[in-house]
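Engineer: Input: one structure, supplied below.
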Amino acid sequence: MSRRMEDVDVRPESLDLGYLALFVGQRMNDQVLEELHGAGFTGLRHSHGHVFQHLLGGARSISELAKLLGVTQQAASKSVAELESLGYVDKTEAGDARVRQVALSPRGLASVEKSRALRSALQKRFERQHGEGPLREARTLLAGMLVSLGGEDAARRRRVRPTR
């Protein structure tokens, strides 16, 4: 009798580092998002974070966002319209009436602060559970691997794209 793949347990320690790091990151992101929703920041999705990261420095036009996100202007407009309807971004005045700019709204900024607080709490929890030294070593190792794989610049410049 053959066993189905979903019936076979996989020990996390047996996963290659790439998948293990991915799964840890996904679970952290899921947990933060769940807690954000619980705190009243409803409607947010992981993909919204990619828009937020480009609005942290101030207002941008839709065409700027599209270029930074690596999507069409139509796709960027759709994301912005959704975030605007949820109250996370506001239209802003631009020098040219033909150029629509958007910025994080007070609600959007509050969601960023809450997300940062939740991530900080997770970091402190991991430090208590595993110790500061091992966490620092894990971060150093993963950062070094990112550099060796050529991903440092994208992370540094906030150009990490959503997984497809």
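Engineer: For the list (1) surrounded by fewer than 17 Cβ atoms within 10 Å (Cβ to Cβ); (2) under 17 Å from the mean Cα position of the chain (by Cα); (3) of a type in the set (Ser, Thr, Tyr), I need the number of the one condition that TYR19 fails.
Structural biologist: Unmet for TYR19, out of (1) surrounded by fewer than 17 Cβ atoms within 10 Å (Cβ to Cβ); (2) under 17 Å from the mean Cα position of the chain (by Cα); (3) of a type in the set (Ser, Thr, Tyr): (2).
Engineer: Right, another one. When you check ALA110 against the structure, is it open to solvent by 30 Å² or more (accessible area, probe 1.4 Å) and over 14 Å from LEU55 (Cβ atoms), yes or no?
Structural biologist: No; evaluated as a whole, the condition is false for this residue.
Engineer: Here's a follow-up. When the stretch 82-107 is examined, which residues are found to be part of a helix (DSSP H, G or I), within 19 Å of the chain's Cα centre (by Cα) and either within 14 Å of HIS50 (Cβ to Cβ) or among the small types (Gly, Ala, Ser) (or both)?
Structural biologist: GLU82, LEU83
Engineer: Taking the stretch 143-164 as the search range and keeping residues that are open to solvent by 80 Å² or more (accessible area, probe 1.4 Å) and not in a loop (DSSP other than H, G, I, E, B), which one is modelled with the highest pLDDT?
Structural biologist: SER148
Engineer: A further question on this structure: Please verify whether VAL10 is free of Cβ contacts under 8 Å to residues at least 24 places away in the same chain, among the hydrophobic types (A, V, I, L, M, F, W, C) and either under 26 Å from LEU142 (Cβ atoms) or buried (at least 17 other Cβ atoms within 10 Å of the Cβ) (or both), treating the condition exactly as stated.
Structural biologist: So VAL10 fits the description; yes.
Engineer: Do we have any residue at all in the stretch 125-138 that's outside any loop (DSSP other than H, G, I, E, B), surrounded by fewer than 11 Cβ atoms within 10 Å (Cβ to Cβ) and among the basic types (Lys, Arg)?
Structural biologist: yes
Engineer: Go through (1) closer than 30 Å to ALA138 by Cβ; (2) assigned to a loop (DSSP other than H, G, I, E, B) for PHE52 and report which single condition fails.
Structural biologist: Among (1) closer than 30 Å to ALA138 by Cβ; (2) assigned to a loop (DSSP other than H, G, I, E, B), PHE52 violates only (2).
Engineer: For the stretch 30-69: of the residues being open to solvent by 30 Å² or more (accessible area, probe 1.4 Å) and under 24 Å from ASP96 (Cβ atoms), which is farthest from the chain's Cα centre (by Cα)?
Structural biologist: Across the stretch 30-69, the extreme among qualifying residues is SER63.
The values are calculated or read from the model by the stated rules, or taken from the named source; none is laboratory data. Being a predicted model, the structure only gives us computed values, none of them experimental. Reconstructed Cβ throughout: ideal geometry from the backbone, glycine too, with neighbour counts over all protein chains shown. To get the accessible areas, we keep the full protein, side chains included, count just its heavy atoms, and leave off ligands, DNA and RNA. Shrake-Rupley method; radii C 1.70, N 1.55, O 1.52, S 1.80 Å.
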